[in-house]
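Notes for the one structure printed next.
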Amino acid sequence: MNIARFDLVTLLLFISVARQGSISAGARQSHMAVGAASKRISDVEAALGTSLLYRHATGVELTEAGQAFLHHSLRVAQEMEQMASALSDYAFGVKGHVRLAANTSAITQFLADDLAAFMRAHPAIRISMREENSMRIVKAVIDNEADLGIFADRTHCGGLITSLYRYDDLVLMVPPNHPLAIYQQISFAETLSYDYIGLSEKTSLAMRLKDESERLGKPLKLRIQVRGFDSICRMAVATQCIGILPRLAAAPHARSMQFTLIPLTDAWARRKLLIGIRDPDALNAAARLLLGHLQRQPSDS
């Protein structure tokens, strides 16, 4: 079978003939001579080895094969229209919608500035962002509830393609007059005799601290669990407990609440924030642009 017989012009002609119920009317709508239109359809019938139309004095009707050919022709025409629309985005400025899921660390430290720069460059793209813990973010991307996800390393993300977004450094947050406030740097093991304020147990940060304390054989003395970084800071100052937070997220609170941030010497305290996607070929043009923008950000921040 000669596929070349099924060019787009012929498929669109056949759709017009089927809708008009007439080769001559379909030819006029397709801006084609009746004889040329009739020959195109006859050539397709010859290539297929079957008739597509019942021809009679008042017009044409579709055969069973013609009904099937029309169905596939409509689908091809629709896909070609979608392709043309998507490619035109590159010439006239992309319009679209991107669903982004990110953890609190990424949002509070980096995404505000990164997304602001992206939106200035692409004002027609709308971004829907949801804040979740890292495990929920991975699930959202896998389940096609998000196009892109940003989450902490050590999160099980089988089935996703990942790339580096940023690094963040975890620091010990110590309220005023706490015994640990004299340290210039400290290991996690040296802090485990003191009471902690922490995030809920499903967050990647909480799971990391739990794993590391268990590895050291010293349980984390977790007195209170809260939902956000701001709550950790306020509760720590009020209760004289300590906490561990990303450095850039904690810094504004440290200045306003006058607590001390102490670098942790443990290698795991330098985390990677990863971008995860399902399939790069499945991303729309807007999502591909945002992915490229985020991947170009300085990862050593």
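Out of all the residues in the stretch 196-231, which are of a type in the set (Asp, Glu) and closer than 18 Å to ALA250 by Cβ?
Listed by number, the list holds a single entry, ASP230.
Among residues belonging to the stretch 271-284 that are more than 12 Å from the chain's Cα centre (by Cα) and at pLDDT 90 or above, point out the one that is surrounded by the fewest Cβ atoms within 10 Å (Cβ to Cβ).
The qualifying residue surrounded by the fewest Cβ atoms within 10 Å (Cβ to Cβ) is LYS272.
Which members of the stretch 59-71 meet the condition of being surrounded by 12 or more Cβ atoms within 10 Å (Cβ to Cβ), of a type outside the set (S, T, N, Q) and farther than 17 Å from ALA37 by Cβ?
ALA65, ALA68
Among the candidates LEU220, LEU248, which residue alone is in a helix (DSSP H, G or I), touching a residue at least 24 places away in the same chain (Cβ under 8 Å) and assigned by TED's automatic domain parsing to the domain that holds ARG136?
LEU248
At pLDDT 90 or above, in a helix (DSSP H, G or I) and surrounded by 21 or more Cβ atoms within 10 Å (Cβ to Cβ): is that true of LEU111 in this structure?
yes
Among (1) touching a residue at least 40 places away in the same chain (Cβ under 8 Å); (2) among the basic types (Lys, Arg); (3) not in a helix (DSSP H, G or I), there is one condition ARG208 misses while meeting the rest; what is its number?
(3)
Specify the residue that is nearest to GLY21 (Cα to Cα); the eligible residues are those in the stretch 54-87 that are part of a helix (DSSP H, G or I) and among the acidic types (Asp, Glu).
Restricting to residues being part of a helix (DSSP H, G or I) and among the acidic types (Asp, Glu), the top hit is GLU64.
For residues that are exposed (fewer than 15 other Cβ atoms within 10 Å of the Cβ) and either in contact with a helix residue (DSSP H, G or I) (Cβ under 9 Å, 6 or more places away or on another chain) or of a type in the set (Val, Ile, Thr) (or both), tally how many sit in the stretch 8-23.
Looking only at that region, the number is 3.
Sort out which residues of the stretch 170-205 are within 24 Å of the chain's Cα centre (by Cα) and closer than 18 Å to ASP266 by Cα, and write them in order of number.
Once the filter is applied, which keeps residues that are within 24 Å of the chain's Cα centre (by Cα) and closer than 18 Å to ASP266 by Cα, the stretch 170-205 yields SER204, LEU205.
The values are calculated or read from the model by the stated rules, or taken from the named source; none is laboratory data. Remember, it's a predicted structure, so these values are computed and weren't measured experimentally. So basically every Cβ, Gly included, is an ideal-geometry build from the backbone, and we count neighbours across all protein chains shown.
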